[in-house]
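One structure below.
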Amino acid sequence: MRLQFPTKYWGLVNVKIYHVLIFSTVILLGLPGVLPGNPNKDQGDRLARSGRHAEAISYYRRYLDSGQATGDFADILLKASMLEPDLEKSVNLLLLYDKKMPNTQQRKEIFTRIGLLQEYLGNDAAAASAYQIAFENSYPPDYQLYLRVGFLSLESGDADKALAVSSVLLNNVKTTEVKVSAIILALLSFATVQELENGLALIQKEQTFLNRAAGSSYYYALFRFYHANNRTRDAQRVKESILVDYPESVEAMLLRGKVRRWPSPLNVFF
């Protein structure tokens, strides 16, 4: 037997259902994480837009500490760090969440940012360490990050580390740009430790590849390699070749003394 609900009560029932839905929605909106959006993150966004950065960072941190940030963890952490005007404090904020990052991809993003900030601050060894962690958390391997490890290690005085990096790269990479950069890194490292024979052996081994792919950056590294190892004639020959074949290049301007070399491996090579 089917029960029939009196038609005259349908309007009253509909009104009550409507009120229940409205009340439920209000309750749900007040519970963080139940519906899309999060009060702490949303408030952080509003404060950031209004220029109240310190308060925005506080709300972003509440969101990160709540355990609700997963797919957007790195994005929110980066957003918070970029609102911090003191770069050292920005680095410290990023490091504070090292063990809380939900996956390797986000850890890569955070440590790449730390590396950039440390470079800007002039902390080459710390930057190299950060890029090393970023590289170890990259899949597939991001060899551009590993190149940064090598060049910054060389810049901070660790030529052995730079040579180890260049060796790994030369044994693993296939892309022309990265391979040329790895050869440049090796030659500059051999110049630093004044290791002539190993440098000449590398040049000979990669000669066919270099005939096709070398550019002004490679020849400038070759010039420095020869110069550091007292191969004066070879250095002069390469210098003249750069000035003739790449007259408008940064390397040519360096050799003419029209620009000065900035104390960072970023210049010329990337």
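Numerical summary
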{"read-out": "Matching residues in the stretch 156-170 - criterion: being of a type outside the set (Lys, Arg), in a helix (DSSP H, G or I) and either touching an Asp or Glu at 6+ places or on another chain (Cβ under 9 Å) or over 15 Å from ILE203 (Cα atoms) (or both)", "value": "ALA159, ASP160, ALA162, LEU163, ALA164, VAL165, VAL168, LEU169, LEU170"}
{"read-out": "Filter result for LYS108 (of a type outside the set (S, T, N, Q) and open to solvent by 60 Å² or more (accessible area, probe 1.4 Å))", "value": "no"}
{"read-out": "Residue within the stretch 164-176 that is surrounded by 19 or more Cβ atoms within 10 Å (Cβ to Cβ) and free of Cβ contacts under 8 Å to residues at least 24 places away in the same chain present", "value": "yes"}
{"read-out": "Criterion (exposed (fewer than 14 other Cβ atoms within 10 Å of the Cβ), modelled with pLDDT under 95 and either in a helix (DSSP H, G or I) or touching a Lys or Arg at 6+ places or on another chain (Cβ under 9 Å) (or both)) met by exactly one of TYR59, TYR139, TYR63", "value": "TYR139"}
{"read-out": "Residues within the stretch 181-197 that are more than 29 Å from the chain's Cα centre (by Cα) and surrounded by 14 or more Cβ atoms within 10 Å (Cβ to Cβ), tallied", "value": "2"}
{"read-out": "Residue in the stretch 219-242 that is of a type in the set (Ser, Thr, Tyr), at pLDDT 95 or above and under 24 Å from TYR146 (Cα atoms) present", "value": "yes"}
{"read-out": "Complete set of residues in the stretch 224-237 that are open to solvent by less than 100 Å² (accessible area, probe 1.4 Å), closer than 13 Å to GLY199 by Cβ and either touching a strand residue (DSSP E or B) at 6+ places or on another chain (Cβ under 9 Å) or not small (Gly, Ala, Ser) (or both)", "value": "ARG224, PHE225, TYR226, ASN229, ARG231, ASP234"}
{"read-out": "The listed residue being open to solvent by 60 Å² or more (accessible area, probe 1.4 Å) and either assigned to a helix (DSSP H, G or I) or at pLDDT 95 or above (or both), out of ARG148, ARG212", "value": "ARG212"}
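The values are calculated or read from the model by the stated rules, or taken from the named source; none is laboratory data. Every value quoted in this text rests on a predicted model; they were computed, and no experiment measured them. Neighbour counts run over all protein chains shown; Cβ positions are idealised from the backbone, glycine included. Surface areas here come from the heavy atoms of the whole protein model, side chains and all, with no ligands, DNA or RNA. Shrake-Rupley method; radii C 1.70, N 1.55, O 1.52, S 1.80 Å.
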